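**Student:** My questions all concern the structure below.
The values are calculated or read from the model by the stated rules, or taken from the named source; none is laboratory data. A quick note: this is a predicted structure, and the numbers were derived from the prediction, not measured. All Cβ positions, even for glycine, are placed from backbone atoms using ideal geometry, and neighbour counts span all protein chains on display.
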Amino acid sequence: MRVEHLNAAQFSILNRIVMFQNNLKIALRNLLRRRTFSAINIAGLGLGMAAAIFAFLWVQNEFSFDRYHQHAANLYRINTDLKISPDETWHWATTPMPLVDVLKEEVPEVLRTALVFDNFQPASLKKNATLLRTKRNAYVGEGWFDLFDYQFLSGSADGFSENLRSAILTRDLAERLFGRYDVTGETFRLDSAEMMVQAVVENPRPNSSFNHELLMPLSYYLSNPSNRENSETWDNFNFVTYVELRPGNDLLALGKKLTALVGKHKEDENMSLTVQPLAELHFDEERSYAGILAGSRSASWAFAFIGLIILFLACVNYVSITTAQAGMRTKEVGVRKIIGAGGAQIFRLLFAESLLTTLISLVLALCIVQAAMPFFNGFTEKNFQLDPADPAIWWVLGATSLATLALSGIYPALFLTGFSPGNFLRGQSFLKMKNTAFRKGLVVAQFAVTVGLIIGAIVILQQQDFIRKKDLGYDRSQVFEFTVPCCDGRVEAVRGIKQALANKPEVMGVSASNMSITNMQSTHSGSIDYDGKPDDFVPAVSQASVDEDFSELLKLPLADGRWFRPNNEADLNNVLLNESAVRLFNLKEPVVGQKFSFQGREGQVIGVVKDFNYQSLRRKIEPMVLSNYPPSNGNVMVKTAAGKAPEAIAAAQSEWEVRYPDLPFEYQFLDDRFDALYRSEQKNADLFQLLAGLAVFISCLGLFGLAVFSTEQRRKEIGVRKVLGASVTSVAALLSKDFLRLVILSLAIASPLAYYFMNKWLSDFAYRIDIQWWVFVLAGVLAVGVAFLTVGFQSVKAALANPVKSLRSE
Amino acid sequence: MIKTVQLSKIYRTDEVETTALNSVDIEIKQGEFVSVMGPSGCGKSTLLNVLGMIDSPSNGEYFFNELEVGGLSERKRSDVRKHNLGFVFQSFNLIDELTVFENVELPMLYTKVPANERKKRVEELLEGMSIMHRKNHFPQQLSGGQQQRVAVARAVVNKPKLILADEPTGNLDSANGDEVMKILADLNSTGTTILMVTHSQYCAEFGNRIIRMLDGTVVTENVVKRYL
């Protein structure tokens, strides 16, 4: 169609397109002309956007958990609430198995059901010479694959429940076990049973609560008579029950209805059932169990906030550099306005530049994200990828780009649009306009965030160090441990291993307990009794079963009495208390020798052990009762002679292989297990250091840009000062002074805020450092030092320049 | 075409008040070529800016084609400006980021002239100014004379009724200056009204009337001899 034939509306659209093309072309030329500043802007924005993309990927994933199943909107989990006292209710995700029959027969709202039994014991798998353990496996009932979506790579779920010894593996597990994933129909050993691969499914999605590596039919689990007996009762809550409901149910009413129905089978007025939508499972921290680890809403928001902060820092660079450069654009904007450009047209022109910068930065950000994805996946222990077919990716990229454009594009464009052409003709430039306060404010805000992050990183590192070096009340050095499987023959096996290892020169000592001393999480209440205990006093205590060598191996000091003795029958009923327990029970003196009943065993207190930390240092030392119950003591600790750890491990392994040839020997040093307790803290620390580093880098980019610009602006001043006799040092100091003053101001703003937030974080730890004054000094010195290096280079360069040149060019 | 009544312009800063135009009454008829002369700081350029609707007057009235424009908003002044006025400056004021072609084309983008018409007009003008061979160059690659010819082409491309020229030959050598003055005289001969600020008596005499200013006021108005 020819232009003459267009109507007014069409012509206007055409004109806008032409203007837009024109604007983009000019924006590109501007970016190329000011290469240094463009590079600073794009590098900063690219990094900031990459950080934001990672943050949004995480948040988007957290909030999309389990929604990908086709029937997700109608899928629910049945939960149990058990009121155990007026103040306390236990929340379980599990229900008794017979519930499923009630649901099917008596509840018309329920369309379909599916049961899962999460196996908390890792399974040992063997194929030829490959021996490995699964991280998570489960038995699933009929209907599981009707309710939940899996992507089958080979095989199918047809007839899964009928073939008792069939298994469905994830691609990852199949590849680890067989070296490839097309293995349907092949067999492998699971503990002592021969299993057949029925199907292989794609690895779990990052937003799936069901991250089992190995699924087996529930019918296989129930084929064991003792399992069946344990499951077919209303007294054991071992199964997670999922249902598909007809749309439009009142969940509260349905929960009450189910509670009433169950009451017919199990008389317990303290028990009630609730119905929870599938999409809410992920954030239910109360009901998280080993099977489903809950996400944290607050952590997700914190992640998003930090991503936005980094993006904000990058956008601040863009805004401050662009407005600083405004002077260079005085002529362009002035002339355009004189020959007829309206404010909106100027705005669009300048906005086009922000748009182009954002798009180029987005490309850079995508490259960074792609390159850093393996680290991100390692850090989050997820399997994220930039899949263009995934609409979520486009949401994330769109949101990041829009946020960047809004934060960085609007202000500079509005700022430049407001310039009057008359000012231009009178020889005034944008720089004469009062925007320096605004720019200084941006630098202060940027450095305040940076200094805050530096302070945070230092405090976290200090706390980490404090925890690592804290005297826990026992010696965990050079001790490794491994678990002898339950249950038949365990006592004999542990005894045999202890005897065999005790004679080896590379072994200093061997002991067995029911749990690792690094994290003894078993609590008990109800069975404790002693002379003088008030009737209404039901103390809750930590408990552990330990053998006679435990205190010597770990150098646990006694405050009173003695430790368990070998071959002392009476000690099987006796207990030791820690100092906190003695205080809690308020026992009569002398404490040692008092009668004490625990777990139905009548004995006495034979000793008091000094308080030691047996849990994360987030928690205070609680009262503890130590007993010696050999059938529970499957955790064997071996203390190695100095420098003989490999030999000691080899010795333990050969003892293991004699007894358990089909099970892999897995051991861990107490030091590693201890560090694992603080993995989330370690991750926080790593993340904080990374973010602080990124923030410092981005802020310095901005400061560098402003310094380059400022020295350019002051070339004439510098020239005149030098002609009049100023030294290089005084000129460099003059130029650096302004920036350093801003950085010091930001330190003053950031310090109290950082102190407040870090103190809050530390209050989560029962054992913590106090924030020292020198942390703020160190953060300040770091920030000022980095800023000085950034600005000083430019300042010295400007101070060294020949004044004749700068004055001539004026 | 232009009539001012008691036109004044006062600039204020925090401490200083400067009267740049003091009760100026002038009248310019369509087709005239008027030169404004006077020492530095006498208010010539301020007069040009106010008449060019780039600045608004502080007091008095300004009629452009019998419409009072002194009190119009920036947006409306901009509208009148882009359809009626063309500007030529001493320092050319070409946009460095745009090519010769794009600089000349720019005013037509703001008046929404169709693309083929724009191309035709730009090429005709560049041809006429003998700089067609430089159309894809950027301003920095041109000589001063060439740059000013581009600026003149840009000023006339929308066929304005009035051209305002602020020392158009101030940055040029005499040969190039002559060239530019001839172009302006030719434009005037085809009916375009021209108001030019200059320091040069020689250039001023290209016009048919000379207004002399001192300290913000008009002191004399002479008709150029050859028109007497």
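**Student:** Any idea how many residues of the range A:215-247 are part of a helix (DSSP H, G or I), at pLDDT 85 or above and out of contact with any helix residue (DSSP H, G or I) (no Cβ under 6 Å at 6 or more places or on another chain)?
**Tutor:** 6
**Student:** Give the residue that is surrounded by the most Cβ atoms within 10 Å (Cβ to Cβ), with candidates limited to residues of the range A:629-649 that are of a type in the set (D, E, K, R) and outside any loop (DSSP other than H, G, I, E, B).
**Tutor:** Ranking the candidates gives A:K639 first.
**Student:** Given B:D178, B:D166, which one is in contact with a strand residue (DSSP E or B) (Cβ under 9 Å, 6 or more places away or on another chain), closer than 25 Å to A:L425 by Cα and not aliphatic (A, V, I, L, M)?
**Tutor:** B:D166
**Student:** What's the number of the condition B:A20 fails, among (1) more than 18 Å from the chain's Cα centre (by Cα); (2) away from chain A (no Cβ under 12 Å); (3) surrounded by 16 or more Cβ atoms within 10 Å (Cβ to Cβ); (4) among the small types (G, A, S)?
**Tutor:** (2)
**Student:** I'm trying to understand the selection: among the residues of the range A:650-665, which are surrounded by 14 or more Cβ atoms within 10 Å (Cβ to Cβ) and touching a Ser or Thr at 6+ places or on another chain (Cβ under 8 Å)?
**Tutor:** If the condition is that a residue be surrounded by 14 or more Cβ atoms within 10 Å (Cβ to Cβ) and touching a Ser or Thr at 6+ places or on another chain (Cβ under 8 Å), then A:L663, A:P664 are the ones that fit.
**Student:** Kindly indicate whether A:F376 is out of contact with any strand residue (DSSP E or B) (no Cβ under 6 Å at 6 or more places or on another chain), within 14 Å of chain B (Cβ to nearest Cβ), surrounded by fewer than 19 Cβ atoms within 10 Å (Cβ to Cβ) and modelled with pLDDT of 85 or more.
**Tutor:** no
**Student:** Taking the range A:1-45 as the search range and keeping residues that are under 30 Å from A:T790 (Cβ atoms) and within 11 Å of chain B (Cβ to nearest Cβ), which one is nearest to the chain's Cα centre (by Cα)?
**Tutor:** A:L31
**Student:** Look through the range A:163-191, keep the residues that are among the aliphatic types (A, V, I, L, M) and outside any strand (DSSP E or B), and return whichever of them is surrounded by the most Cβ atoms within 10 Å (Cβ to Cβ). I'd like the intermediate steps shown before the answer.
**Tutor:** Of the range A:163-191, the ones among the aliphatic types (A, V, I, L, M) are A:164, A:167-169, A:173-174, A:177, A:183, A:190.
So of that shortlist, the ones also outside any strand (DSSP E or B) come out as A:164, A:173-174, A:177, A:183.
Values: A:L164: 16, A:L173: 24, A:A174: 27, A:L177: 24, A:V183: 22.
Filtering first and then ranking leaves A:A174.
**Student:** Right, here's the next one. Quick check: is even one residue across the range A:95-104 away from every other protein chain (no Cβ under 14 Å) and in a strand (DSSP E or B)?
**Tutor:** Within the range A:95-104, one or more residues are away from every other protein chain (no Cβ under 14 Å) and in a strand (DSSP E or B).
**Student:** Could you give every pair whose Cβ atoms fall below 9 Å, whose first residue belongs to the range A:326-350 and is within 7 Å of chain B (Cβ to nearest Cβ) and free of Cβ contacts under 8 Å to residues at least 12 places away in the same chain, and whose second residue is not hydrophobic (A, V, I, L, M, F, W, C) and not in a helix (DSSP H, G or I), counting only separations of at least 6 or pairs across chains?
**Tutor:** A:E332/B:D96; A:E332/B:E97; A:I339/B:G86; A:I339/B:N158; A:G340/B:T111; A:G340/B:N158
**Student:** Now for a different question. I'm trying to understand the selection: among the residues of the range B:197-219, which are surrounded by 18 or more Cβ atoms within 10 Å (Cβ to Cβ) and at positive phi?
**Tutor:** Passing the criteria: only B:G216.
**Student:** Can you pull out every residue in the range A:129-145 that is surrounded by fewer than 15 Cβ atoms within 10 Å (Cβ to Cβ) and without any contact (Cβ under 8 Å) to a residue 60 or more places away in the chain?
**Tutor:** A:A129, A:T130
**Student:** Further question on the same structure: Would you mind stating whether A:F537 is surrounded by 13 or more Cβ atoms within 10 Å (Cβ to Cβ) and aromatic (F, W, Y)?
**Tutor:** So A:F537 fails the test.
**Student:** Another question about this same structure. Check A:F447, A:F424, A:F415 and return the single one that is in contact (Cβ under 8 Å) with a residue 60 or more places away in the chain, of a type in the set (A, V, I, L, M, F, W, C) and surrounded by fewer than 21 Cβ atoms within 10 Å (Cβ to Cβ). Let's see the steps before the verdict.
**Tutor:** Numbers: A:F447 fails: surrounded by fewer than 21 Cβ atoms within 10 Å (Cβ to Cβ); A:F424 fails: surrounded by fewer than 21 Cβ atoms within 10 Å (Cβ to Cβ).
Exactly one of A:F447, A:F424, A:F415 is in contact (Cβ under 8 Å) with a residue 60 or more places away in the chain, of a type in the set (A, V, I, L, M, F, W, C) and surrounded by fewer than 21 Cβ atoms within 10 Å (Cβ to Cβ), namely A:F415.
**Student:** Here's a check for you: in the range A:352-362, which residue that is within 13 Å of A:N23 (Cα to Cα) and surrounded by fewer than 22 Cβ atoms within 10 Å (Cβ to Cβ) is farthest from the other protein chains (Cβ to nearest Cβ)?
**Tutor:** A:L355
**Student:** Of the conditions (1) at positive phi; (2) in contact with a Gly (Cβ under 8 Å, 6 or more places away or on another chain), A:D66 clears all except one; give me its number.
**Tutor:** Exception for A:D66: condition (2).
**Student:** Given the options B:G38, B:G60, name the one that is surrounded by 13 or more Cβ atoms within 10 Å (Cβ to Cβ), in contact with a Lys or Arg (Cβ under 7 Å, 6 or more places away or on another chain), on the phi > 0 side of the Ramachandran plot and more than 9 Å from chain A (Cβ to nearest Cβ).
**Tutor:** Values: B:G60 fails: in contact with a Lys or Arg (Cβ under 7 Å, 6 or more places away or on another chain).
Step by step, each of B:G38, B:G60 is checked, and only B:G38 is surrounded by 13 or more Cβ atoms within 10 Å (Cβ to Cβ), in contact with a Lys or Arg (Cβ under 7 Å, 6 or more places away or on another chain), on the phi > 0 side of the Ramachandran plot and more than 9 Å from chain A (Cβ to nearest Cβ).
**Student:** Quick one: which residue in A:F160, A:F210 is in a loop (DSSP other than H, G, I, E, B), among the aromatic types (F, W, Y), surrounded by 20 or more Cβ atoms within 10 Å (Cβ to Cβ) and at pLDDT below 90?
**Tutor:** Being in a loop (DSSP other than H, G, I, E, B), among the aromatic types (F, W, Y), surrounded by 20 or more Cβ atoms within 10 Å (Cβ to Cβ) and at pLDDT below 90 holds for just one of A:F160, A:F210, which is A:F210.
**Student:** Here's a follow-up. Search the range A:97-124 for residues being modelled with pLDDT under 90 and not aromatic (F, W, Y), and hand back the single one that is nearest to A:N211 (Cα to Cα).
**Tutor:** The extreme case among them is A:D118.
**Student:** Here's a follow-up. Output the number of residues of the range B:179-224 satisfying the condition of being closer than 18 Å to B:F87 by Cα, acidic (D, E) and modelled with pLDDT of 90 or more.
**Tutor:** Adding up the residues that qualify gives 1.
**Student:** In this structure, does A:G334 turn out to be at pLDDT 80 or above and either surrounded by fewer than 19 Cβ atoms within 10 Å (Cβ to Cβ) or under 30 Å from B:D79 (Cα atoms) (or both)?
**Tutor:** yes
**Student:** Right, something else. Consider the range B:123-140. How many of its residues are more than 14 Å from every other protein chain (Cβ to nearest Cβ) and either basic (K, R) or not in a loop (DSSP other than H, G, I, E, B) (or both)?
**Tutor:** So the answer is 10.
**Student:** If you take the residues of the range B:95-112 that are touching a residue at least 40 places away in the same chain (Cβ under 8 Å) and either more than 8 Å from every other protein chain (Cβ to nearest Cβ) or in a strand (DSSP E or B) (or both), which of them is farthest from B:A155 (Cα to Cα)?
**Tutor:** Restricting to residues being touching a residue at least 40 places away in the same chain (Cβ under 8 Å) and either more than 8 Å from every other protein chain (Cβ to nearest Cβ) or in a strand (DSSP E or B) (or both), the top hit is B:V100.
**Student:** Which residue pairs have Cβ atoms closer than 6 Å, lie 6 or more positions apart in sequence or on different chains, and pair a first residue in the range A:15-41 that is under 22 Å from A:L364 (Cβ atoms) with a second residue that is polar (S, T, N, Q)?
**Tutor:** Correct list of pairs: A:L31/A:S38; A:N41/A:T357.
**Student:** From A:A314, A:A372, grab the single residue that is within 17 Å of the chain's Cα centre (by Cα), farther than 30 Å from A:F424 by Cα and in a helix (DSSP H, G or I).
**Tutor:** Details: A:A314 fails: within 17 Å of the chain's Cα centre (by Cα).
Criteria check complete, one pass: A:A372.
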